[in-house]
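What follows is a single structure, written as structure tokens, with notes after it.
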Amino acid sequence: MYDLSDFKKGLKVLLDGQPYSVVDFQHVKPGKGNQFTRTKLKHLINGSNLERTFKSGEKFPIPDVNYKDMNYLYKDESGFNFMDQVSYEQISLDPDFLGDAANYLTENLQVKVCFFNDRAVGVELPKSVNLRVAQTDPGFKGNTVNNTYKPATMETGHIAQVPLHINEGDILKISTEDGAYVERVNLK
């Protein structure tokens, strides 16, 4: 059983017999009364969102969730396709199950695919991914009074705010938690 204090983003819990993933949460300690936690949950099977408030001390069953290491292959009309590197079994996931994760998927990226009752319901990405800049405006010399940023569109369509010295074709490390620029990657 999970306690309310165990909540973190991405935690999988059973609520009313249905599997949910914690999208966001906020612990609240009012001046009077008991503490409580506001949560945003996403249903693992149908993708619907739920906002619920829980009292301190509530417990939640652990869902029958397991993970398989798989590589992302490609996207087609059936969805996003992944392959198990051991059994070579391939699965296709609907874009609704991926959500923002679709912004970070590049060919052969290794991810953990989440299964609930032997049905694929989502993916867990690495903490950061390397993406190539597909389009950005050129930076101008002298615009460095303070940290200034410009938008850059990555090869996957994700748009991140990057420093002015970044050019098209550069490979950047992007955080998958918030989509922010981390650093430029030198491939030598």
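Things to note:
- Single condition Val129 does not satisfy, out of (1) out of contact with any Lys or Arg (no Cβ under 6 Å at 6 or more places or on another chain); (2) closer than 21 Å to Asp170 by Cβ; (3) open to solvent by 20 Å² or more (accessible area, probe 1.4 Å): (3)
- Among the residues of region 1-35, the ones that are open to solvent by less than 90 Å² (accessible area, probe 1.4 Å) and closer than 30 Å to Phe115 by Cβ come to 21 in all.
- If the condition is being open to solvent by less than 10 Å² (accessible area, probe 1.4 Å) and either part of a loop (DSSP other than H, G, I, E, B) or at pLDDT below 90 (or both), then region 77-92 contributes only Gly79.
- Considered as a group, the residues in region 58-85 that are in contact with an Asp or Glu (Cβ under 8 Å, 6 or more places away or on another chain) and aliphatic (A, V, I, L, M) include one that is farthest from Leu131 (Cα to Cα), and that residue is Met83.
- Total residues in region 36-63, condition open to solvent by 80 Å² or more (accessible area, probe 1.4 Å), touching a Leu at 6+ places or on another chain (Cβ under 9 Å) and outside any strand (DSSP E or B): 1
- Residue match in region 93-110 (condition: at pLDDT 85 or above, open to solvent by 100 Å² or more (accessible area, probe 1.4 Å) and farther than 30 Å from Tyr20 by Cα): no
- Enumeration of residues in region 14-35 that are more than 20 Å from Asp96 (Cβ to Cβ) and either in contact with a Phe, Trp or Tyr (Cβ under 6 Å, 6 or more places away or on another chain) or not in a loop (DSSP other than H, G, I, E, B) (or both): Leu14, Phe25, Gln26, His27, Val28
The values are calculated or read from the model by the stated rules, or taken from the named source; none is laboratory data. Keep in mind the model is a prediction, meaning the values are calculated, not measured. Because the Cβ atoms are built from the backbone with ideal geometry, glycine has one as well, and the counts that use them run over all protein chains shown. What goes into the accessible areas is simple: the full protein's heavy atoms, side chains included, and nothing from ligands, DNA or RNA. Shrake-Rupley method; radii C 1.70, N 1.55, O 1.52, S 1.80 Å.
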